[in-house]
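These notes are about the structure you will find just below.
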Amino acid sequence: MLFNSLTFVVFFALVLALHALPLRWKVKKTNLLIASYIFYGAWNPPFVVLVWISTVLDWYVAKWIFAEERPARRRGLLLVSVAGNLGILGYFKYGEFLLQNWQAAMALAGIAWAPPEWSIVLPVGISFYTFQTMAYSLDVYLRRERPAASFLDFALFVTFFPQLVAGPIVRPADLIPQFAAPRRATARQLIWGLALVTLGMFEKVVVADTLLAPSADAVFGAMKALHPLDAWIGVLAFSGQIFSDFAGYSTTAIGVAMCLGFSLTDNFRFPYAAIGFSDFWRRWHISLSTWLRDYLYVPLGGNRKGRGRTYFNLMATMLLGGLWHGASWTFVVWGGLHGLYLTVERYLTETFGGRKVATTRWSRIALALLTYFLVNLTWVFFRAPDFPSAWRMIQSMSGFAGEAKKVLYWNGIAEVAVVTVVMLIVHWRMRDTTLEAVVERTPGWIVGAVWAAMAFAVITTQGSGNAFIYFQF
């Protein structure tokens with residue numbers, strides 16, 4: 001079920017109405033759990049079984065880990081959880097990828113081997129809820145958390161519909177305790193939640209789907225060399241599209257949860273104003289970057305085992321982060337480039353003793369623009385369907401593609417340019433503040449006018465209801 005659909009509007013209205021009834025808290029939580037299964041099952045009902053498997057597996061394994069004192073047994077139980085979750089994820093998401101690469105390896109060895117036909121459908125959101133349930137078992141194993149007291153609370157933690165299919169990836173300590181006592185949104189929370197839903201839908205429907213997607217699709221769909229201007233506009237369009245699409249989902253999810261009285265963590269903090277790549281990953285897809293930091297980078301040794309090991313850990317973490325996004329080597333390269341950026345940044349910081357480089361406003365802006373430029377180069381590999389397409393795009397952007405074609409009209413170019421400039425200005429102005437702080441100091445009539453304008457734009461541009469980009473991950 002898509003947030004940007006009339007079906008969801010009706011569904012959410014019914015959920016809100018049920019949640020407002022004077023029912024026992026356990027009944028309300030059961031209603032939310034059933035609603036979450038309906039929300040997920042509306043896409044493909046049989047795949048609800050996979051959610052049940054993950055839920056039951058980690059519920060029991062975590063209880064056994066907590067009760068077990070013998071280190072070897074505890075490690076064995078954790079391995080059951082990790083193998084079970086990653087096994088399901090690997091089969092559905094990476095099975096075909098592994099078969100294709102095995103076929104390529106056999107061909108290099110001179111062996112003609114044809115893999116069986118692979119027609120497995122990727123369950124929507126599987127990467128998100130897999131990481132979420134694994135975090136629960138890992139936290140219990142590391143004795144950061146106790147197992148949930150109620151299976152209902154844990155099942156709702158795994159399936160809570162606002163963030164089930166595309167995050168934010170919520171930690172057990174952040175959400176499970178919220179199910180312990182009755183919750184219902186205050187008037188202020190309801191207003192804020194509806195405002196965030198409107199903002200999120202504006203980012204998705206108006207900015208991502210209407211203003212930016214056509215140019216990005218035209219450029220990346222062209223199977224030929226492009227004029228440098230077209231190539232750059234297409235990459236900038238996708239850069240803005242993927243932010244607006246994914247941040248739009250996260251903002252909507254946070255707003256929907258707030259309308260029900262629950263709090264979800266921020267997932268984006270104006271990342272295109274980042275100064276450097278450590279700063280970028282503190283602002284982009286925060287729930288994933290912190291997950292990778294806490295459950296992969298730190299266990300690998302983090303920065304505690306010397307310079308060389310730190311660089312290896314950074315690169316390994318980002319390569320696996322790239323692979324998490326999709327079963328393709330282009331995603332691995334995307335992650336590898338970010339790993340390289342982070343490694344070079346750390347090397348320069350260590351070499352120059354942590355000296356402040358960005359000491360003036362203009363130097364900070366220049367470094368932010370350099371960061372944005374390099375991030376846009378990585379988006380080429382994220383969006384391109386294969387390496388030849390990515391390389392052709394890089395050549396087109398650099399002006400070395402030979403005979404180049406134009407695929408964009410001037411109105412599309414101007415549209416993307418204006419949206420990009422406005423987006424960068426907004427990110428820069430907002431980089432050291434929050435939306436709440438800005439709203440608090442803005443006259444109410446201006447806030448109301450902006451809210452009404454966004455709502456009107458969403459309603460008047462509502463089209464076929466494109467799926468969110470991160471649904472495929």
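Does Leu33 satisfy the criteria of being out of contact with any strand residue (DSSP E or B) (no Cβ under 7 Å at 6 or more places or on another chain), of a type outside the set (Gly, Ala, Ser) and surrounded by 16 or more Cβ atoms within 10 Å (Cβ to Cβ)? Here the answer is yes, as Leu33 does meet what is asked. None of Phe154, Phe131, Phe97, Phe92 is free of Cβ contacts under 8 Å to residues at least 60 places away in the same chain, surrounded by 15 or more Cβ atoms within 10 Å (Cβ to Cβ) and not assigned by TED's automatic domain parsing to the domain that holds Asp294 except Phe92.
Residue count for the stretch 256-271, restricted to those that are assigned to a helix (DSSP H, G or I) and either crowded, with 24+ Cβ neighbours inside 10 Å or β-branched (Val, Ile, Thr) (or both): 3.
Considering only the stretch 11-62, state which residues are out of contact with any helix residue (DSSP H, G or I) (no Cβ under 8 Å at 6 or more places or on another chain), within 20 Å of Ala149 (Cβ to Cβ) and touching a residue at least 12 places away in the same chain (Cβ under 8 Å). Result: Trp25, single match.
Cβ separations smaller than 7 Å between residues 6+ apart or across chains give the following pairs from the stretch 294-322 residues that are at positive phi to residues that are outside any loop (DSSP other than H, G, I, E, B): Gly301/Arg309; Gly301/Asn313; Gly302/Asn313.
In this structure, does Phe157 turn out to be within 17 Å of the chain's Cα centre (by Cα), part of a helix (DSSP H, G or I) and among the aromatic types (Phe, Trp, Tyr)? Criteria not met by Phe157. Summed over the stretch 63-76, the residues that are among the hydrophobic types (A, V, I, L, M, F, W, C) and touching a residue at least 40 places away in the same chain (Cβ under 8 Å) give a count of 2. Taking Ser289 as the residue in question, decide whether it is surrounded by fewer than 16 Cβ atoms within 10 Å (Cβ to Cβ) and either touching a Gly at 6+ places or on another chain (Cβ under 9 Å) or in a loop (DSSP other than H, G, I, E, B) (or both). Considered against the rule, which asks whether it is surrounded by fewer than 16 Cβ atoms within 10 Å (Cβ to Cβ) and either touching a Gly at 6+ places or on another chain (Cβ under 9 Å) or in a loop (DSSP other than H, G, I, E, B) (or both), Ser289 comes out as no. Which pairs turn up if I take residues in the stretch 399-416 that are in the same structural domain as Ala218 (by TED's automatic domain parsing) and at pLDDT 80 or above and look for partners that are in a loop (DSSP other than H, G, I, E, B) and crowded, with 18+ Cβ neighbours inside 10 Å with beta carbon separation below 6 Å, at least 6 apart in sequence or on another chain? Every condition considered, the pairs that remain are Val407/Ala222.
Considering Ala225, Ala187, the condition of being surrounded by fewer than 24 Cβ atoms within 10 Å (Cβ to Cβ), more than 30 Å from Met134 (Cα to Cα), free of Cβ contacts under 8 Å to residues at least 12 places away in the same chain and more than 24 Å from the chain's Cα centre (by Cα) is satisfied by Ala187 alone. Scanning the stretch 1-44 for residues that are of a type in the set (Phe, Trp, Tyr) and in a helix (DSSP H, G or I) gives Phe8, Phe11, Phe12, Trp25, Tyr37, Phe39, Tyr40. Considered as a group, the residues in the stretch 100-128 that are of a type in the set (A, V, I, L, M) and part of a helix (DSSP H, G or I) include one that is surrounded by the fewest Cβ atoms within 10 Å (Cβ to Cβ), and that residue is Leu108. Listed by position, the helices (runs of 4 or more DSSP H) inside the stretch 164-230 whose residues that are at pLDDT 95 or above number at least 1 are 187-201.
The values are calculated or read from the model by the stated rules, or taken from the named source; none is laboratory data. On a predicted model such as this, the values are computed, not experimentally measured, just so you know. Methodologically, a virtual Cβ is constructed for each residue, glycine included, from the backbone with ideal geometry; neighbour enumeration extends over all protein chains shown.
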